[in-house]
1. Starting from 0 in steps of 20 Å, tell me what percent of the Cα-Cα pairs of the chain lands in each bin.
2. Using the heavy atoms of the protein chains alone and a 1.4 angstrom probe, what is the accessible area of the stretch 183-323 per residue in square angstrom?
3. Looking only at the stretch 180-323, where both bridge partners belong to it, what percent of the DSSP beta bridges are antiparallel (to the nearest 5)?
4. With the convex hull built on the Cα atoms of the stretch 124-216, state its orientation-averaged projected area in nm².
5. Could you please tell me the mean projected area of the C-alpha convex hull for the stretch 205-257, averaged over all directions and given in square nanometres to one decimal?
6. Once you've got the GNM for the chain with C-alpha springs shorter than 10 Å, pick whichever of TYR155, TYR206, TYR82 has the biggest mean-square fluctuation.
7. Considering only protein heavy atoms, with the full assembly of protein chains and a 1.4 angstrom probe, order PHE27, PHE127, PHE98 by accessible area, largest first.
8. Which residues in the stretch 123-164 have a backbone N closer than 19 Å to a point placed 7 Å from the Cα of ASP81 along the Cα-to-Cβ line?
Amino acid sequence: MGGRRLAARLDSHALMARMLVTGGAGFIGSHLARTLLDEGAEVDIVDDLSTGSQANLPDGAELVRLDLGANGAADRLPDRDYDAVLHLAGQSSGEKSFDDPEHDLAANARSTLMLGLWARRRGVPVFLHASSMGVYGRVDDPPAAEDRPLRPISYYGASKLAAEHALRVMDDESFRTVSFRMFSVYGPGQDLAELRQGMASIYLAYLLRGEQVPVRGSLDRVRDLVHVDDVVAAWRSALDSQARGPLNLGSGVPVRVGDLIADLVAACGLPADHPVVQEPGTPGDQFGLWADTTRIRRELGWEPLVERQEGISALVAWARAGS
């Protein structure tokens, strides 16, 4: 089974392994790379720094600056043996995918296909992939389980689904693949300057400036917020499991957008009636969606530990400390 070689190396307290983390200069990728380094792994990071930041790179990681969606990118990857590839690089905004669908396909689907083929040829036993709740599209009867029909409503969701299918074709006895269908990840390290991706961080950016909060779409929309620490724990657990295929990675708890804003307002110490203005929605937006977490709990023995109020308070404290 794919992963036996890695599992043997995970038996010790220290993680004596070499990992390739793509998107390791980004929000989630940098948290994950830092955790692996802290456990003793050697970590190489691949990132083109188009959305990530060199300041996010953890000490001890080696950076390969590379656009994985470009022609011939796999030929420029390090000539080293890896115990796992953790692939988080890509375009991560449903709204932005309508700006340039061709770029979105290259950044998410083509990059995953080419990186997967490269990893399989080189005998890498485990390939973990950042997919998205966007693969589900409109869901009239949430929560969404992994086996429900998939009908993306954005180019982003379609590109992530194409990447999942490509990995499913490659998955065999020697090459174990997992696609995490990530829900709304939040926490310290989010890019507060990016106002088209990351719901909690977008609203927080306006609140920290004391400005009215523009909300693109209904306040009654529902999201599934999952803290970055819980996300990292799930990815880490998948390394030494036998899980494969798609796994929802969310808290499983529905949260109204209006309630999220109220939580952020309270954590910022602002009046409860801080101005909020509703604007037209964005293309490809999903109205109400949260995760059925049955499978990830069973396969990984994982459960989310960070309560929303605690996580939001920590996010606000981090943002204020850095401002």
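The values are calculated or read from the model by the stated rules, or taken from the named source; none is laboratory data. Keep in mind it's a predicted model, so treat the numbers as computed, not measured. Because the Cβ atoms are built from the backbone with ideal geometry, glycine has one as well, and the counts that use them run over all protein chains shown. Ligands, DNA and RNA are stripped out before the accessible areas are found, and what is left, the full protein with its side chains, is counted by its heavy atoms. Shrake-Rupley method; radii C 1.70, N 1.55, O 1.52, S 1.80 Å.
1. Bins of 20 Å from zero give 33, 59, 7 percent of pairs.
2. Working: 5980 Å² over 141 residues.
Here the residues of the stretch 183-323 average 42 Å² of exposed surface.
3. Working: 3 of 14 bridges.
About 20 percent, rounded to the nearest 5.
4. On the way: hull surface 32.5 nm².
Its Cα hull, projected and averaged over all orientations, spans 8.1 nm².
5. Working: hull surface 21.5 nm².
Taking a quarter of the hull surface, the average projection is 5.4 nm².
6. Highest fluctuation among the options: TYR206.
7. Numbers: PHE27 40, PHE127 0, PHE98 75 Å².
Order by accessible area, largest first: PHE98, PHE27, PHE127.
8. Under cut-off, by backbone N: 123-127.
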